[in-house]
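The values are calculated or read from the model by the stated rules, or taken from the named source; none is laboratory data. Keep in mind the model is a prediction, meaning the values are calculated, not measured. Here the Cβ positions follow ideal geometry from the backbone for every residue, glycine too, while neighbour counts run over all protein chains shown.
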Amino acid sequence: MFRAIQNFAVPLLLLGLMLGCADDTKYQYGVRGKWKLESRALPDGQVLKPPAVTGIYEWYPTSKTSAHVTASFASGPDKIQLSGFTCTLENPLLEAQGFTKNEYLNIGGGYRLAYQPVHTAQNKSSDGRVTGDGIRVIFEHADGTHLEYGNVGNAVVEEATFTVKFKDGTVDTWRRMLDQLGALPK
């Protein structure tokens, strides 16, 4: 009898644990992960690809409504830019809401267009708006920069892409390399 209960209880317990943890993985799915820069299209039509430009962008969820984000970008061995910030959403759903970006690190101009030989570590806060339609999620920053994540429901990690559109018309295209679940509460 004990063996029969054990054979039934263990799979049921494992199923319960999987379902309990799986609910948290849906938050920020379309945006979280490690992304690699594929190209930078300049306003004059020129397209730069690695090794002329390289970059890594990481969105790491720290809760259902916040994430730690780093962006590193290089346009040559002496022109390395790094930005670190936290992003706080108004609610867990990635559509029709505001967000706050709290930048705490800016090296070489951070994730901006032009390299600047500066390093700041002061906190800088800005607000923006998130819109979405179930297929795309768009982060509209106060400085005019738009991040558009496509295929947010796509289960294939390597097929997920996002673009960063700067005010001057420059467009960076990124591809997800790794899905990072983050430190979401269990």
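Of all residues in segment 141-154, one or more are farther than 15 Å from Val31 by Cβ, aliphatic (A, V, I, L, M) and modelled with pLDDT under 90. With the condition kept exactly as written, say whether any residue in segment 112-121 is hydroxyl-bearing (Ser, Thr, Tyr), surrounded by 14 or more Cβ atoms within 10 Å (Cβ to Cβ) and at pLDDT 85 or above. Within segment 112-121, none of the residues are hydroxyl-bearing (Ser, Thr, Tyr), surrounded by 14 or more Cβ atoms within 10 Å (Cβ to Cβ) and at pLDDT 85 or above. Assuming Arg175 fulfils every condition listed in (1) touching a residue at least 40 places away in the same chain (Cβ under 8 Å); (2) part of a loop (DSSP other than H, G, I, E, B); (3) charged (D, E, K, R) apart from one, which condition is it? Unmet for Arg175, out of (1) touching a residue at least 40 places away in the same chain (Cβ under 8 Å); (2) part of a loop (DSSP other than H, G, I, E, B); (3) charged (D, E, K, R): (2). Looking across Gly128, Gly108, Gly144, one residue alone is over 26 Å from Glu159 (Cα atoms) and in contact with a Pro (Cβ under 8 Å, 6 or more places away or on another chain). It is Gly108.
Just so you know, in segment 160-186 the residues that are in contact with a strand residue (DSSP E or B) (Cβ under 6 Å, 6 or more places away or on another chain) and among the small types (Gly, Ala, Ser) include one that is modelled with the lowest pLDDT, and it is Ala183. Please count how many residues of segment 33-52 are surrounded by 15 or more Cβ atoms within 10 Å (Cβ to Cβ) and touching a Gly at 6+ places or on another chain (Cβ under 6 Å). Residues meeting the conditions: 1.
One line per residue, one yes/no per condition, for (1) in a loop (DSSP other than H, G, I, E, B); (2) touching a residue at least 24 places away in the same chain (Cβ under 8 Å); (3) in contact with a strand residue (DSSP E or B) (Cβ under 8 Å, 6 or more places away or on another chain); (4) of a type outside the set (A, V, I, L, M, F, W, C):
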position	(1), (2), (3), (4)
Thr100	no, yes, yes, yes
Tyr104	no, no, yes, yes
Asp143	yes, yes, yes, yes
Glu158	no, no, yes, yes
